[in-house]
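Down below is the structure, laid out as structure tokens.
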Amino acid sequence: MDTRKYKVKYTGNNFPPDANWNKNEWRDIESISITNKLLIEPLFTPTTKIKLLYNKDYIYVIFKVEDKYIRSVYTEINSPVSKDSCVEFFFTPSNSKVTGYFNLETNAGGTRLIRFQKGYNIEKIMMDIEDIKSIEIAHSLPEIVKPEILTETTWTLEYRIPLKMLKSYSEITQPTKGVIWRANFYKTAGENSNPHYLSWNKIIHPDPNFHLPEFFGELEFL
């Protein structure tokens with residue numbers, strides 16, 4: 001199986017997220033797309049693009065989703081946001097397949113779920129609420145989207161993850177030129193009118209799920 005790879009450029013700026021896909025910091029950055037379908041064939045397949053940047057303090061991530069049947073009702077941190085229209089970033093902060101990973105899930109309204117774990121249903125470490133709040137986030141849609149938006153609509157979501165916070169829960173390889181992290185990205189909607197489960201790097205498994213770090217792709221820092 002081919003492993004997808006993404007080259008993450010360095011930024012000399014520290015910029016707050018504002019969910020603006022077209023701002024200068026992102027303008028010349030290459031995007032990747034979430035295209036692999038898992039479990040079911042949706043009626044409508046969203047187009048989801050992602051860009052990343054990094055510096056010594058943060059990992060920056062922005063999503064742009066051309067979506068339909070958009071729902072976002074969960075507002076409490078660590079609530080089951082994957083049931084809403086949701087984008088997810090799972091990452092191991094090193095090139096290891098076995099040391100564990102963070103799963104960061106965010107619905108279209110900006111509600112976060114994040115934990116560190118060793119594997120599927122193995123040693124989940126819940127994170128302090130204030131640490132989760134340190135992940136600054138911006139989103140183009142309102143916090144609550146109900147009823148569903150049935151027409152095709154583009155929404156964006158952007159956040160920055162403090163590296164200092166991650167170090168409280170796991171050993172990490174500090175991003176710098178040549179360092180590789182392992183990661184996968186997902187687009188989900190578990191309980192709207194168009195359920196779907198999409199991944200960036202392909203997952204080949206009899207019972208596919210997102211919590212299989214052996215199927216993560218690679219992030220190479222430049």
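Coordinate-derived values only; no laboratory data. Remember, it's a predicted structure, so these values are computed and weren't measured experimentally. Methodologically, a virtual Cβ is constructed for each residue, glycine included, from the backbone with ideal geometry; neighbour enumeration extends over all protein chains shown.
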### Query
For the chain, modelled as a Gaussian network with Cα springs under 10 Å, which listed residue fluctuates most, Val61, Val73, Val179?
Val179
### Query
Based on the Kirkwood radius over alpha-carbon pairs, what value in µm²/s does the Stokes-Einstein equation return for the translational diffusion coefficient of the chain at 25 °C and 0.890 mPa s?
141
### Message
Past 29 Å, Cα to Cα: identify those pairs from Lys23/Lys124; Lys68/Lys177; Lys9/Lys202; Lys68/Lys118; Lys97/Lys133, in the order given.
### Response
Lys23/Lys124; Lys68/Lys177; Lys68/Lys118
### the chain: relative contact order as a whole-number percent, Cα under 8 Å and 6+ apart
30
### Query
So what's the back-of-envelope 222 nm ellipticity for the chain, counting only DSSP H runs of four-plus at -39500 (n - 2.57) apiece and dividing by all residues, rounded to 500?
-1000 deg cm²/dmol
### Query
Taking the Cα-to-Cβ direction at Asp2 and at Ser193 and moving 7 Å from each Cα, how far apart do the two end points lie in nm?
3.6
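What ranking do His205, His196, His211 get, fewest neighbouring Cβ atoms within 10 angstrom at the top? The partial results should precede the final answer.
Working: His205 11, His196 22, His211 16.
With the fewest neighbours first, His205, His196, His211 line up as His205, His211, His196.
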### Query
In whole Å, how far is the Cα centre of the stretch 102-139 from that of the stretch 9-34?
21
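Can you check how the C-alpha radius of gyration of the stretch 1-95 compares to 2.2 N^0.38 Å, as a plain ratio?
Numbers: Rg = 15.2 Å, N = 95, 2.2 N^0.38 = 12.4 Å.
Scaled against compact globular proteins, the figure is 1.22.
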#### Entry: Ordering of 79-86, 33-40 by packing [mean C-beta count within 10 Å, highest first]
79-86, 33-40
#### Entry: Gain in span if fully extended, His211 to Asp57, counting 0.36 nm per residue against the direct Cα distance
52.8 nm
### Task
Evaluate the distance, in nm, between pseudo-label points positioned 7 Å from the Cα of Ile29 and of Glu41 along their respective Cα→Cβ axes.
3.6
